[in-house]
């Protein structure tokens, strides 16, 4: 029986559709010539077969089941879901950018190298960090590049015994995971009390196993941190770290709070990654591709991965190799990085300029504080004072009525929003991290605030039971995630 | 500024509501010394017209595959992308969505991933596939790390000629622990896995039974690497492998000077819990309807922190979508035909270049690329060809040149290539 209602369409899997007589792509007729592959040719692959109209309808129908930033407000903390300008998309698709090969002679891609060189300059200027390598593929890959840069520096400087990396317990989970991938040991610093790093707690961790901190490789700190707060003591902390011989890795996920206004080099950062897909508006695409260039001090630049683009004395742009910079840790990604994202990011940066980028951080911070100021009576605010570009709430007030953060998130879905980040950071129970970004108007914020107030009121009014069934107007209701994990069905082969 | 909707008036009202008199009061936690004095030293904002002109001028300086005969492959290939692929991936609902953490409003992305995982497991003949990784080079490194976790061994053997870019990345990934080692040759009792690229970097397809046997003798895993995924429409599926991974840029994704591309990763069911990256699984919703959701996230960094299987917390979502749309369009017959056309284009190219005096083909078998021996250094030949408006291939050591053909290669291109090459040599 047809399950479609209004604009809600059910859509089966490609393998469940009627097998078409012909392919959706008309390719030339093959010739009758002998094969030279040296092995027996494959007979069957097991693919479906559909015409172009069937394929287009299939994907368009599935797209209607997705929420996106173009639909509406997306206050996902630490993810910076801002507007994705379409000019960027247009430019990335120019043949001169999309149809060039990474191994072409460098004389034939001077425009691409010029673009990378200019992007390096913008990032260096915005962070105050002189060495830029664009290659890492995403934030976590940038972390890997940054931490391997630190590892390489210690190795070359004869400090291989420095094995410990300090990181706050509120950090992104990728931070400790990355440190371990690099062969470091992780030492966690508690921040639960105030949501910030205290100098005392930092010192305890720094000198825990060596009175001079001589076993410390470095620290990984997100600033502003994952509670949406700026680490007030960061200069004192980074001074202590530097004195002990460690390097400061800054997770750049929250750079949107600072861009154009504050340069991380000026609060002690030695190396950081930049998420072009957050701060610089390249689209998230349903989970990638990202791009995570790293920026580092002059001292560390000799150790970071190759390649970077340099301009030689003849004015030509060239890609450096390991032979040009022997102290480098090597290559972390084939070729030059997520170049298509470089085009988009530079298009965005040039559109905003120095003045626009400064306004970006100011509006991002103002928007978050406005939400905080309007919701502080309705929801528990764990840390006093103003926030940066995102604000942290918890479900403490609602939990007594049997309504949790998950229920609040699902209620937001019912009311046409993408929820905030939930249950992160992990240091408190029932956290909700709200990041509005600068691309939302006051009007949008007001609507969101009134929805959040209505939810809080409904909880107080004893409508708790109704929450547990939300959302109910979406293409699907709450999912059985336990079933998915207990009996993993990861493709149609297993399903059928 | 066109991307900033707040008005001066709204900002004023909001500051008042927050209870501060200026925006800088909200930045008061930041040490004064860290503030930029005025504006950073960069150009001010520009309109769409100016930005378009600036970047278009840079694009115009690059010699691109739409304009010139093109014979470069070496892991990245110039293929046709049907118009509807780019139309679909530019839909807002796909382009501007986040990772599908809220499955009730992300079933579109999730079903696409499920279909993508199915395509990859069909192509590779493996039980399961993940939701994609950054690219082929990092996929191979992740495969090596996974094999090391499974076998608790520290050595990685390279069986056939691996793409040199992948080899460099693998070296870097291995360098973090001193006891780890990568070497060329046969596995021994300390070897976690053997990496076999097929077609290898020089374009020759390999049989896997020999490598399976060598692995079984010492208890190592067999990792098969495919950098030209179109080859799987003509060459046998690597059923003998424990892990099959590599690059799927060839389907639906432009070369884009090296990225973003699409790393794929597939393996046997028994290794499920060691797989890096995201997985999408089937389940039911509260009404019992079939639904999809990210699953087995207990392996991931946001829960496991320093005990995670990998630090990866993304996939190449939009690239995986492009791949899935293109594969759906091709279908069984189209995909196999595409593979055959690629091989036949290479056969025609081989035929034509072998007629040039002093040029010899070194492969006895190939899929869509092969190595030729020239009478002079290939790096000079590549530069000379570029001067004549031809992207001529990948210069190997000395006089050897790796050249590729695809369904985009016309007889006119081949003729121009052969004529120009004859003149240069």
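Some notes on this structure:
- Of all residues making up the range A:326-342, the number that are over 16 Å from residue A:275 (Cβ atoms), more than 7 Å from chain B (Cβ to nearest Cβ) and touching a residue at least 60 places away in the same chain (Cβ under 8 Å): 2
- Residue that is farthest from the other protein chains (Cβ to nearest Cβ) [pool: residues in the range B:103-127 that are crowded, with 24+ Cβ neighbours inside 10 Å and not in a helix (DSSP H, G or I)]: B:126
- Number of positions in the range A:97-118 that are outside any loop (DSSP other than H, G, I, E, B), more than 17 Å from residue B:385 (Cβ to Cβ) and without any contact (Cβ under 8 Å) to a residue 24 or more places away in the chain: 1
- Sole residue being surrounded by 19 or more Cβ atoms within 10 Å (Cβ to Cβ), without any contact (Cβ under 8 Å) to a residue 40 or more places away in the chain, part of a loop (DSSP other than H, G, I, E, B) and within 8 Å of chain A (Cβ to nearest Cβ), chosen from B:315, B:311: B:311
- Residue among A:155, A:193, A:185, A:211 that alone is without any contact (Cβ under 8 Å) to a residue 12 or more places away in the chain and within 12 Å of chain B (Cβ to nearest Cβ): A:155
- When residues of the range B:281-296 are limited to those that are closer than 19 Å to residue B:99 by Cα and more than 7 Å from every other protein chain (Cβ to nearest Cβ), the one farthest from the chain's Cα centre (by Cα): B:292
- Number of the exception - residue A:444 against (1) within 12 Å of chain B (Cβ to nearest Cβ); (2) not in a helix (DSSP H, G or I): (2)
- Of all residues making up the range A:191-212, the number that are assigned to a loop (DSSP other than H, G, I, E, B), in contact with a strand residue (DSSP E or B) (Cβ under 8 Å, 6 or more places away or on another chain) and more than 16 Å from residue A:250 (Cα to Cα): 5
- The single condition among (1) at the interface with chain A (Cβ under 7 Å from one of its Cβ atoms); (2) within 30 Å of residue B:279 (Cβ to Cβ) that residue B:62 does not satisfy is (2).
- Number of positions in the range A:311-325 that are in contact with a strand residue (DSSP E or B) (Cβ under 9 Å, 6 or more places away or on another chain) and in contact (Cβ under 8 Å) with a residue 24 or more places away in the chain: 4
- Extreme residue, surrounded by the fewest Cβ atoms within 10 Å (Cβ to Cβ), among residues of the range B:29-59 that are more than 7 Å from chain A (Cβ to nearest Cβ) and at pLDDT below 95: B:37
- Exactly one residue out of A:140, A:145, A:124, A:177 is in contact with a helix residue (DSSP H, G or I) (Cβ under 6 Å, 6 or more places away or on another chain), within 18 Å of residue A:295 (Cβ to Cβ) and part of a helix (DSSP H, G or I), and it is A:140.
- Going through (1) touching a residue at least 24 places away in the same chain (Cβ under 8 Å); (2) on the phi > 0 side of the Ramachandran plot one by one, residue A:408 falls short only on (2).
- Scope the range A:433-455; condition free of Cβ contacts under 8 Å to residues at least 60 places away in the same chain and surrounded by 19 or more Cβ atoms within 10 Å (Cβ to Cβ); matching residues: A:455
- Close pairs (8 angstrom Cβ cut-off, 6 or more residues apart or separate chains): more than 7 Å from chain B (Cβ to nearest Cβ) in the range A:476-496, assigned to a loop (DSSP other than H, G, I, E, B) and surrounded by 17 or more Cβ atoms within 10 Å (Cβ to Cβ) anywhere: A:494/A:488; A:494/B:127
Residues checked against (1) touching a helix residue (DSSP H, G or I) at 6+ places or on another chain (Cβ under 7 Å); (2) surrounded by fewer than 24 Cβ atoms within 10 Å (Cβ to Cβ); (3) more than 10 Å from chain A (Cβ to nearest Cβ); (4) more than 27 Å from residue B:73 (Cα to Cα):
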position	(1), (2), (3), (4)
B:213	no, yes, yes, yes
B:224	no, no, yes, no
B:249	no, no, yes, no
B:261	yes, no, no, no
B:272	no, yes, no, yes
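- Among the candidates A:18, A:43, A:10, A:89, the residue that is within 22 Å of residue B:342 (Cα to Cα) and either more than 8 Å from every other protein chain (Cβ to nearest Cβ) or at pLDDT 95 or above (or both) is uniquely A:43.
- Test for residue A:413: is it within 13 Å of another protein chain (Cβ to nearest Cβ) and crowded, with 16+ Cβ neighbours inside 10 Å: yes
- Test: residue in the range A:291-298 that is under 30 Å from residue B:171 (Cβ atoms), surrounded by fewer than 24 Cβ atoms within 10 Å (Cβ to Cβ), more than 11 Å from chain B (Cβ to nearest Cβ) and touching a helix residue (DSSP H, G or I) at 6+ places or on another chain (Cβ under 9 Å): yes
- Strands (runs of 3 or more DSSP E) fully within the range A:278-390 counting 2 or more residues that are under 30 Å from residue B:73 (Cα atoms) and modelled with pLDDT of 95 or more: A:309-311, A:317-319
The values are calculated or read from the model by the stated rules, or taken from the named source; none is laboratory data. No experiment lies behind these values; they were computed from the predicted model shown. Cβ: placed from backbone, ideal geometry, glycine included. Neighbour counts: every protein chain shown.
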